[in-house]
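Take a look at the structure below.
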Amino acid sequence: MSNSAQSNQQTNPQQRPLDDITVISLEHAIAAPFCTRQLADLGARVIKIERPNVGDFARGYDERVNGLASHFVWVNRGKESLALDLKSEQAQPVLNKLLEKADVLVQNLAPGASARLGLGYEELHEKYPQLIVCDISGYGVGGPYEQKKAYDLLIQSESGLLSVTGTPDEMAKVGISIADICAGMYGYSSILAALKLRDKTGEGSHIDVSMLESLVEWMGFPLYYTYENAPAPTRNGASHATIYPYGSFATSNGSVMFGLQNEREWQAFCEQVLQQPELADDERFSKNSLRVENRDTLKGIIESCFAELTKSQVTERLDTAKIANAHVNEMQDVWSHPQLKARDRWRTINSSIGELPAMLPPAVNNQFEYRMGDVPALGEHTDAILAELGLGKD
């Protein structure tokens, strides 16, 4: 059963891990907002500083959520929006009062922008030694790329991800902001580590998160696969570059997705799914590397068999043989996914346009439920925050 964010808090009296943590965020787009949303879900108070009248430019990416932007709704729940011109004279006293009591500052402004505003780590550490400062940028501090602007597609390109994604004829961008998400998650986990470290030392620290380095870390398999100039993995669409059969296969009424991992599964696949047991010992397919080498021939054999079967019949055979498989879902299928429903993963949050569905974070903890807060309107909390600081709006 779905509950409102308010109902969640009433029925969930347990403490959340970050209930006593305050985060100030100078953020836009995805990487930093995704990082700080995770902190907000864990109970942290996240104060998002936005440009007056403009705000986080991700607010204007689209209007698909009843007038709100899909990206913004996704990564900004549970935050307070403070409209503040960081270049104005009024900004400094507000920032000073906020940072005096803050635990974490997160920023992903343009390269060098935070330092020009007096918000570099060295300067901040002298004033606020307890403060953890997390800088998320395209290429990190130092090096010839330090000042380069970086967007998700560009980092996918620089990291080599595009070289292994797509079809043999054309590379393809991953369909989500994977470089931003990757950097945001490293920022999030590093902040948790820095909070733990501060418990031991009493001192804040500096976290320098590079989108490039974050995504290159995730490229470990293709990097090592090409060790010492070995040939790179090929682009194979929805298939696997080095395991076969693994991917999407046509049936009489649509496609099924499945994959094999070992020789035991290959034997079961031939016997129970294809019902051609002799194929298991065919010298063209007797081990995985040969199946990869002869994938086109094997694909023809598989789809010739599946052409006489429906998706449900193939899936039934795969399940019987204990071969991992999945539906080829569209987005609307995910909204109504029976597994998410059965595990009660959806909640209702509030926004300026009313109630919206939101999925709970993936890691279930039996001691607390995540705080599923509202999506803030631009500057919604400005007056309240300034009053709390003892400062007038002007």
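The values are calculated or read from the model by the stated rules, or taken from the named source; none is laboratory data. Values in this document were obtained by computation on a predicted structure and should not be read as measured data. Note: ideal-geometry Cβ built from the backbone for every residue, glycine included; neighbour counts use all protein chains shown.
Results for (1) of a type in the set (A, V, I, L, M); (2) touching an Asp or Glu at 6+ places or on another chain (Cβ under 8 Å); (3) closer than 21 Å to residue 37 by Cα, shown as yes or no for each residue.
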| site | (1), (2), (3) |
| --- | --- |
| 100 | no, no, no |
| 111 | no, yes, no |
| 121 | no, yes, no |
| 129 | no, yes, no |
| 132 | yes, yes, yes |
| 143 | no, no, no |
| 151 | no, no, yes |
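Please state which of the following conditions residue 370 fails to meet, knowing it meets all the rest: (1) surrounded by 13 or more Cβ atoms within 10 Å (Cβ to Cβ); (2) modelled with pLDDT under 95.
Of (1) surrounded by 13 or more Cβ atoms within 10 Å (Cβ to Cβ); (2) modelled with pLDDT under 95, only one is false for residue 370: (2).
So residue 29 fits all but one of (1) part of a helix (DSSP H, G or I); (2) on the phi > 0 side of the Ramachandran plot; what number is the exception?
(1)
Filtering segment 157-197 down to residues that are in contact with a Ser or Thr (Cβ under 6 Å, 6 or more places away or on another chain) and modelled with pLDDT of 95 or more, which residue is surrounded by the most Cβ atoms within 10 Å (Cβ to Cβ)?
Result: 183.
Please tell me if residue 234 is in a helix (DSSP H, G or I), surrounded by fewer than 16 Cβ atoms within 10 Å (Cβ to Cβ) and either at pLDDT 95 or above or within 33 Å of the chain's Cα centre (by Cα) (or both).
no
Which residue, of 227, 246, is exposed (fewer than 13 other Cβ atoms within 10 Å of the Cβ) and not acidic (Asp, Glu)?
Unique residue meeting the criteria: 227.
Considering only segment 142-156, state which residues are over 18 Å from the mean Cα position of the chain (by Cα) and either aromatic (Phe, Trp, Tyr) or surrounded by 15 or more Cβ atoms within 10 Å (Cβ to Cβ) (or both).
Hit for segment 142-156 is 145, nothing else.
Could you list, ordered by first residue, the pairs with Cβ atoms under 8 Å in which the first is in segment 296-307 and free of Cβ contacts under 8 Å to residues at least 40 places away in the same chain and the second is assigned to a loop (DSSP other than H, G, I, E, B) and loosely packed, with under 13 Cβ neighbours inside 10 Å, at least 6 apart or interchain?
297/284; 305/275
Which strands (runs of 3 or more DSSP E) sit wholly inside segment 238-353 and have at least 1 residues that are at pLDDT below 95 and over 30 Å from residue 75 (Cα atoms)?
Result: 246-251, 254-259.
Just give me the residues in segment 354-394 being among the charged types (D, E, K, R), in the same structural domain as residue 39 (by TED's automatic domain parsing) and either farther than 30 Å from residue 93 by Cα or in a loop (DSSP other than H, G, I, E, B) (or both), in sequence order.
355, 369, 371, 374, 380
Just one of (1) buried (at least 24 other Cβ atoms within 10 Å of the Cβ); (2) under 14 Å from residue 108 (Cβ atoms) trips up residue 78, so point out which.
All conditions are met except number (2).
If I go through segment 69-104 residue by residue, how many of them are acidic (Asp, Glu) and either assigned to a strand (DSSP E or B) or outside the structural domain of residue 381 (by TED's automatic domain parsing) (or both)?
Of the residues in that region, 1 qualify.
Check segment 161-179 and report whether any residue there is part of a loop (DSSP other than H, G, I, E, B), in the same structural domain as residue 42 (by TED's automatic domain parsing) and on the phi > 0 side of the Ramachandran plot.
No, segment 161-179 contains no residue that is part of a loop (DSSP other than H, G, I, E, B), in the same structural domain as residue 42 (by TED's automatic domain parsing) and on the phi > 0 side of the Ramachandran plot.
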